[in-house]
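Scroll down for the structure; my scribbles are underneath it.
The values are calculated or read from the model by the stated rules, or taken from the named source; none is laboratory data. In this text, all values refer to a predicted model and were calculated from it rather than measured experimentally. Because the Cβ atoms are built from the backbone with ideal geometry, glycine has one as well, and the counts that use them run over all protein chains shown.
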Amino acid sequence: MCVKTCVAYVSPFCDLDTCPYCGELRYDPIKLAASNGKTKVTRREFHTMPIGPQLQALWCNKDSAQ
């Protein structure tokens, strides 16, 4: 994920090191320089939670379904 949330680095953007829209670096430059380019730590991450299992758990009990 771009630091400014311009783009997620998936599919066509997975090989990029900078954001194509704002030019921000994908990886933390301090940690990248300290490791001589070996350790790439992303500056921002995006996590998702599937909603299907949450809804199934909610509707499996008759009391919570009402």
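Observations on the model:
- Scanning the stretch 14-40 for residues being part of a loop (DSSP other than H, G, I, E, B) and either out of contact with any Asp or Glu (no Cβ under 8 Å at 6 or more places or on another chain) or modelled with pLDDT under 95 (or both) gives a total of 17.
- Residue within the stretch 54-64 that is outside any loop (DSSP other than H, G, I, E, B) and either modelled with pLDDT of 95 or more or touching a Phe, Trp or Tyr at 6+ places or on another chain (Cβ under 6 Å) (or both) present: no
- Cβ-Cβ contacts under 6 Å between residues 6 or more apart (or on different chains), taken from a first residue in the stretch 4-17 that is over 14 Å from GLU45 (Cα atoms) and in contact (Cβ under 8 Å) with a residue 40 or more places away in the chain to a second residue that is hydrophobic (A, V, I, L, M, F, W, C) and not in a loop (DSSP other than H, G, I, E, B), are absent.
- Looking across the stretch 41-53, just one residue is touching a residue at least 12 places away in the same chain (Cβ under 8 Å) and either over 14 Å from the mean Cα position of the chain (by Cα) or outside any loop (DSSP other than H, G, I, E, B) (or both), and that is THR42.
- Just so you know, in the stretch 21-33 the residues that are hydrophobic (A, V, I, L, M, F, W, C) and surrounded by 12 or more Cβ atoms within 10 Å (Cβ to Cβ) include one that is farthest from VAL3 (Cα to Cα), and it is LEU32.
- Note on the stretch 1-51: residues that are in contact with a helix residue (DSSP H, G or I) (Cβ under 8 Å, 6 or more places away or on another chain) and of a type outside the set (A, V, I, L, M, F, W, C) total 3.
- A single member of THR18, THR48, THR5 is exposed (fewer than 10 other Cβ atoms within 10 Å of the Cβ) and among the polar types (S, T, N, Q), and it is THR48.
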